[in-house]
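S.K.: The structure follows.
Each reported figure results from applying straightforward, stated rules to the coordinates on display, with no laboratory input. In this text the structure is predicted, and so the values were computed from the model without any measurement. All Cβ positions, glycine included, derive from the backbone under ideal geometry; neighbour counts span all protein chains shown.
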């Protein structure tokens with residue numbers, strides 16, 4: 001049985017927080033040569049996750065489009081962080097990315 005959208009949003013937020021280190025020190029995030037500012041992307045993603053958590057706390061019911069939009073944003077930011085060397089992509093995350101599409 002599939003979870004309702006509130007449960008699915010909570011699970012998605014937890015997965016994103018586990019996969020992307022939002023509290024990474026600035027010195028490690030900003031190493032000079034990059035495509036897209038990793039620190040700004042992490043700040044943006046943190047804001048999106050906090051907004052999602054606040055909406056859940058307020059009792060709002062997210063739509064499937066809300067879930068899809070957050071998942072897509074997190075995937076794109078993860079990709080940029082890997083490209084910039086902030087995160088290391090392993091074989092398991094590649095497999096998970098293919099499965100989740």
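S.K.: Could you order peptides 38-48, 13-23 by the average number of other Cβ atoms within 10 Å of their residues, highest first?
M.R.: 38-48, 13-23
S.K.: Here's something else I'd like to know. Kindly rank 4-11, 60-67, 75-82 from highest to lowest mean number of other beta carbons found within 10 Å of each residue.
M.R.: The densest-packed peptide leads the list: 75-82, 4-11, 60-67.
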